[in-house]
Structure formats: structure tokens, C-alpha cells
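In what follows, a structure is listed as C-alpha cells, so that the remarks can point back to it.
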Amino acid sequence: MAVPEDPSVAGWYRYGPAPGSPRGSAVLVGHVDGDTGELGEFAALRDVERGDRVEVRRAKAGPAVYRVVSRATVPKDELPPSVFRRKGSPVLTLITCAPPFDPGRGGYLANLVVTAEPVTN
């Protein structure tokens, strides 16, 4: 999974469901910050809490609306396989970098994984 180079852009894991799909985990990835210190598209994820609303704007449909149900910090190389599932209940999974930051080892050493469920009207 490639993370967009531009910190102001979020990327979608195209081999899984898209946000708003009726099943599986729609995965979006983005940076917390850039090399020059500018805030990235996912900087606000550091402050997100259970129950917070997340809205994904889509080009060819109305927004997909979710509520945060969990957040976890995991080592970069230990993302759980369930993050990328294509079946089961629909969720939105947002992934960004998390401390600790170690420039000698390539930057952030962990990922913040935020999971949100669709809001039903």
C-alpha cells in the first residue's frame, strides 16, 4: 500500500472496498506531517475520539458518514490483516503515522489505526 507523497492528500487502498461500500473495510491512508513540518491531511486523527463523526467526500456520490468506534497504535510492520478485509460489516479504516519518531530508522515507527462504522439515518 503506497501512501501519497503529498501530505495534503489522502490515499485509498484500491484493492479493497471504497468508502460507502456495503461490506468490508474501506482503507484511507495519509500523512500526519511532511518533511518540512507542514501538517498532513490526517494530522487531526491524533485528536479523534470514540463517537467522533468522520465524513468522506466522494466525487460521484454524496458523502459517506461514519462514527469512530476505536483507535489503536500498532508497530508499522504489524497492521492486522482485518484492516484490509473485503467482507463483513462495512467500516472505514483510517491509517496514519504515530510516534515514536526516529529519523535514524526512517521516521515514525508506529501507525495510528482509526476504525469507524457507518452512520445510518
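The values are calculated or read from the model by the stated rules, or taken from the named source; none is laboratory data. Keep in mind that this is a model prediction, so the values were computed, not measured. When we count neighbours, we look across all protein chains shown, and the Cβ atoms used for this are built from the backbone with ideal geometry, even at glycine.
Restricting attention to segment 1-41, the residues that are exposed (fewer than 12 other Cβ atoms within 10 Å of the Cβ), at pLDDT 90 or above and either of a type in the set (Phe, Trp, Tyr) or touching a Pro at 6+ places or on another chain (Cβ under 9 Å) (or both) add up to 2.
When the residues of segment 73-86 are filtered to those that are without any contact (Cβ under 8 Å) to a residue 40 or more places away in the chain and in a loop (DSSP other than H, G, I, E, B), the one that is surrounded by the most Cβ atoms within 10 Å (Cβ to Cβ) is 79. Residues considered: 89, 70. Of these, the only one that is assigned to a strand (DSSP E or B), over 11 Å from the mean Cα position of the chain (by Cα) and modelled with pLDDT of 95 or more is 70. If the condition is being small (Gly, Ala, Ser), farther than 22 Å from residue 118 by Cα and under 14 Å from the mean Cα position of the chain (by Cα), then segment 25-42 contributes only 40.
Here is a yes/no grid of residues against (1) among the acidic types (Asp, Glu); (2) in contact with a Leu (Cβ under 8 Å, 6 or more places away or on another chain); (3) within 22 Å of residue 117 (Cα to Cα); (4) assigned to a strand (DSSP E or B):
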site: 4; (1), (2), (3), (4): no, no, no, no
site: 18; (1), (2), (3), (4): no, no, yes, no
site: 23; (1), (2), (3), (4): no, no, yes, no
site: 51; (1), (2), (3), (4): no, no, yes, no
site: 54; (1), (2), (3), (4): no, yes, yes, yes
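Considering only segment 40-48, I want to know if a residue exists there that is within 25 Å of residue 120 (Cα to Cα), in contact with a Lys or Arg (Cβ under 6 Å, 6 or more places away or on another chain) and in a loop (DSSP other than H, G, I, E, B). The answer is no; no qualifying residue exists.
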